[in-house]
Amino acid sequence: METITIHTPATETNRYGDVVDDWSTTTDEDVTAIVYPLTSSENNDNRSALITGLAVLIPDDGVVVPHNARVTARGELWEVDGDVADWSSPWGWNPGRQVNLKRADG
């Protein structure tokens with residue numbers, strides 16, 4: 001188990017009236033999680049690309065991970081990749097949720 005930090009941005013309205021993320025102000029929450037690496041390779045038009053990410057397993061205890069959040073894990077900044085997977089069952093077993101992360105630029 002290790003500690004990760006979930007960074008959720010504030011929002012602001014830009015000059016066009018659109019609500020956008022404001023990364024100058026974030027709400028940060030430390031969470032104990034299990035973290036393991038994900039890797040895959042792709043062949044795009046005869047060139048190879050390696051995509052690196054992390055899978056993060058968090059307890060089902062009310063922690064919210066928005067789709068636009070960033071996560072600091074293992075000393076690096078990552079972006080949430082897709083929806084949070086809920087591993088609960090209809091028989092009452094709630095092992096937690098899985099959040100996939102990809103590298104964040106900047």
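Quick rundown of the values:
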read-out	value
Out of D28, D60, D21, sole residue that is more than 16 Å from K102 (Cβ to Cβ) and modelled with pLDDT of 95 or more	D28
In segment 54-75, residue most open to solvent (accessible area, probe 1.4 Å) [restricted to those that are under 24 Å from V20 (Cα atoms), of a type outside the set (A, V, I, L, M, F, W, C) and out of contact with any Leu (no Cβ under 7 Å at 6 or more places or on another chain)]	H67
Some residue of segment 36-46 being at pLDDT 90 or above and out of contact with any helix residue (DSSP H, G or I) (no Cβ under 6 Å at 6 or more places or on another chain)	yes
Every residue from segment 78-102 that is touching a strand residue (DSSP E or B) at 6+ places or on another chain (Cβ under 6 Å) and open to solvent by 60 Å² or more (accessible area, probe 1.4 Å)	D81, D86, K102
Filter pass, N68 being under 25 Å from T25 (Cβ atoms) and within 12 Å of the chain's Cα centre (by Cα)	yes
Answer from V64, V99 - the residue that is within 26 Å of A10 (Cβ to Cβ), in a strand (DSSP E or B) and among the hydrophobic types (A, V, I, L, M, F, W, C)	V99
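The values are calculated or read from the model by the stated rules, or taken from the named source; none is laboratory data. Computed from a prediction, not measured in an experiment: that's the story for all the values here. Here the Cβ is made from the backbone with ideal geometry for all residues, glycine too, and neighbour counts use every protein chain on show. The accessibility values were calculated without ligands, DNA or RNA, using every heavy atom of the protein model including side chains. Shrake-Rupley method; radii C 1.70, N 1.55, O 1.52, S 1.80 Å.
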